[in-house]
Each structure stands twice: as structure tokens, then as C-alpha cells.
Amino acid sequence: MAPPASDDRDEDIAADVARGNIAPVYCLAGERYLVDAAHAAIKTAVLAAAGAAAGFNHDSFELKESGLEACLSIARTLPMMAKRRLVVGKGIDQVKADSLEPLTEYVADPNPATCLILVGDKVDVRFKAFVALRKAGFLHVFAPLRDNALAGWLRTQARARKIEISGDAAGALADLAGPDLGRLSQALDQLALYAGDRAISLDDVDELIAETRQRNVFELTKTIGAGDVPRALALLANMLRNREPALRIQFMLARQMRQIWRAKELLAAGAARGEIASAVGISPYFLDDVLVPAKRMSRGVLARAFERLYQSDLALKSSRVDEDLLISRLVQTLAEDAAARQPTAARG
């Protein structure tokens, strides 16, 4: 009996194929990072065994374009000068139900000299073909990890990569960067480089993530100041996808607007760059992130921005309207205000 889909783990598949236990069929779906990891482990094991003949025994299909039959036809052929052929069918979830019948037949009698990998984002396990795959033990649906499992996953990844990370650091990184496993994996590698030979600490996570968050809000504020509505909304959408809370974004925008207002006053008074950087509390290296919007945004635009930020703060703390929608409206109106008054802003 096949294990429940939610119990599948890419490291289990990787361990099996590393021992030479390679199934004739794998249908991989669900959490993209885990699917890609399992796919890579299977591919490496099969093609490594093929040696110099690997190039003759590796076929890949975009199923939406080629159709399922073409993929299965190659899967039925014998390998060339190798023990096993690798055939990959991408987009199994995009194949219509009435076109999946040949897969049901193939699963009942797969070619033992082929490793067939079928990849998709989300499959309907009620379809006959996927029922057959599950009964045969070939269906692996990787459920997204729960928030409380992310820190453990990070520690497992760290051990596999010979990276030392404290429990507190793993928990903080999971909270700040999750639940996108690809982003978590990248952040782990970045922190390992940052920490060097020592273990990754909680302070390392705070410093690196705080710097990344600050860079994001700098870029968002500069785009708002330029009046680029589509770009501002795209940057905001990326921050929201990375689980940046709407209220925190609003707070960071308000903080940066205060820095911009103060920089504008100091510019008008003829202050030097070093004096401005010290007064607004920012590194001279990042000073242009404040000075550029300070030069572009008029006092009227900034005054209106503070009013909008105040109203947005009240709404985020008391309204039943979706937080992401409220912060999106705020960013859009701020950018629209700046765009409408660009001639005025240019005069300062």
C-alpha cells in the first residue's frame, strides 16, 4: 500500500535511489521545491548509472505540447547501452482526464528498463490514472510544510550541507523567510557564507534578514517617489508573497517617509551628505535611497503621504477589510499622488 501523499519526503526518495532502489514510475506533484529535489535525485541516480551512454537515454517532454502518448511510447523502448532509460513528462496536471487512460494502462505494466518521471503542480487524485499510480506506490504528492515544521526542515537541510545553525537561528529564519522552501534554502546558503566557519547565530539571521527587508522598503519607496504604479505594486506583491505583514510594511514606509521629509529639509538648508546621513540615521552608502525620493517628492506630496499613512494605519488596526488589499490601495495611491505631481516635485 502506498504511503499517504502528505507523508512523502524528497529525502526519502533520495535515500532510496542512492541505494539503487529505483522505481519504474514516479509521479511527483505538490510543493515545488520538494518536487524539484526529488526529481533531481532520481535523475542523478539513473543517469549516473548510464555513464557515457547517459545522453542516449534521457528524453524530456512538455506534455501539454507533445501529448502523453509520445512520452509513453519512448518509455516503452529499451535503453541504449545502459541498464535504464530516463523519460521525463512535465505538466502531467495539464493533461485532460480523457487523455490519461494510456497512463493507467502503462502503470499496470511499466517497462522495468525505464524510469518514467511525471511532474506536475497539483493533480486530481480522483482521476483513474492517479488512483492507479497511488495504488502502485508511484504517486508522491508533497504537501507544503506546516509553519511549525519549517525550523526542523532547516536543521535537516543544514546537516546535509554540513552547515551549523543554532536552534534559535533556525526558528527565527523560518519565521522571517518561510514558508517558501526555495527562499529558505537560499537564505540558509547566504547565512552560511555570512557566518563563515562559525555556526549561524540568531544575530546573523536578524542582521541579514533586517538588511534584506530594509533594501526592499528602500526600493519600494523609491518606486513610489518616481510615480511608477505598476512597479510599486509588483514590489509590494513580492513582499507580501514573502510573508511580510501588511502592518509592518506600513510601519516601514512611514519610517522611510519621515527620513525623506527630514532629508528634504536638510537639503534645502544646504547640509552636506554626511550631515544628512547622520541626521536621518542611515548609512552614507544608502543615502541616495533617501535623497532621490526627497528630491522628486514635493512637500505637498509628502504631506499627503503622511495623511494616507495615518489613515491606513487606523484601517489596518481596526478594519475587517483584507490587510493585503488595504496596503495595496495605500501603495497605489501614494504612487499615483507622486505621479500626478511630478512637475511640482521636480521644482522641489
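The values are calculated or read from the model by the stated rules, or taken from the named source; none is laboratory data. Everything numeric here is computed off the predicted structure, so don't read it as measured data. Glycine also receives a Cβ, built like all others from the backbone with ideal geometry; neighbour counts cover every protein chain displayed. Heads up: the accessible areas ignore ligands, DNA and RNA and are worked out on the full protein's heavy atoms, side chains in. Shrake-Rupley method; radii C 1.70, N 1.55, O 1.52, S 1.80 Å.
So that you can scan it fast, the table gives a plain yes or no per residue for (1) without any contact (Cβ under 8 Å) to a residue 24 or more places away in the chain; (2) surrounded by 17 or more Cβ atoms within 10 Å (Cβ to Cβ):
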site: A15; (1), (2): yes, no
site: C27; (1), (2): no, yes
site: A37; (1), (2): no, yes
site: A53; (1), (2): no, no
site: S73; (1), (2): yes, no
site: M81; (1), (2): no, no
site: R84; (1), (2): no, yes
site: E101; (1), (2): no, no
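Okay, residues lined up against (1) outside any helix (DSSP H, G or I); (2) in contact (Cβ under 8 Å) with a residue 24 or more places away in the chain; (3) open to solvent by less than 40 Å² (accessible area, probe 1.4 Å):
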position	(1), (2), (3)
E275	no, no, no
S278	no, no, no
V290	no, yes, yes
F306	no, yes, no
Y310	no, no, no
L314	no, no, no
V321	yes, no, no
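Taking helices (runs of 4 or more DSSP H) that do not extend beyond region 60-119, which have at least 3 residues that are over 17 Å from A136 (Cα atoms)?
Result: 63-66, 68-75.
Looking only at region 149-160, count every residue that is open to solvent by 70 Å² or more (accessible area, probe 1.4 Å) and under 18 Å from R183 (Cβ atoms) and tell me the total.
The number of residues fulfilling the criteria is 2.
Within region 292-303, which residues are β-branched (V, I, T) and crowded, with 21+ Cβ neighbours inside 10 Å?
Answer for region 292-303, where residues must be β-branched (V, I, T) and crowded, with 21+ Cβ neighbours inside 10 Å: just V301.
Look at R241 and say whether it is loosely packed, with under 14 Cβ neighbours inside 10 Å, touching a residue at least 24 places away in the same chain (Cβ under 8 Å) and within 23 Å of the chain's Cα centre (by Cα).
yes
I need the full set of residues from region 103-123 which are open to solvent by less than 90 Å² (accessible area, probe 1.4 Å) and over 24 Å from A37 (Cβ atoms), in order please.
Narrowing region 103-123 to residues open to solvent by less than 90 Å² (accessible area, probe 1.4 Å): 103-104, 106-108, 110-111, 113-121, 123.
Scanning region 103-123 gives T104, Y106, A108, N111, A113.
Of the residues that sit in region 176-198 and are open to solvent by less than 40 Å² (accessible area, probe 1.4 Å) and over 18 Å from N242 (Cβ atoms), which one is modelled with the lowest pLDDT?
A195
Kindly indicate whether E219 is within 30 Å of Q157 (Cα to Cα) and buried (at least 16 other Cβ atoms within 10 Å of the Cβ).
No: the conditions fail for E219.
Across region 166-202, what is the total count of residues that are more than 17 Å from A37 (Cβ to Cβ) and assigned to a helix (DSSP H, G or I)?
Matching residues across region 166-202 total 18.
For region 253-272, give me the residue count where each residue is modelled with pLDDT under 90 and either open to solvent by 20 Å² or more (accessible area, probe 1.4 Å) or not in a helix (DSSP H, G or I) (or both).
Residues in region 253-272 being modelled with pLDDT under 90 and either open to solvent by 20 Å² or more (accessible area, probe 1.4 Å) or not in a helix (DSSP H, G or I) (or both): 1 in total.
Give region 78-134 a look and list any residue that's under 27 Å from A48 (Cα atoms), out of contact with any Asp or Glu (no Cβ under 6 Å at 6 or more places or on another chain) and among the charged types (D, E, K, R), or say none.
K83, R84, R85, D109
Going through L173, L145, L202 one at a time, which residue ends up being open to solvent by less than 30 Å² (accessible area, probe 1.4 Å) and not charged (D, E, K, R)?
Answer to the check: L173.
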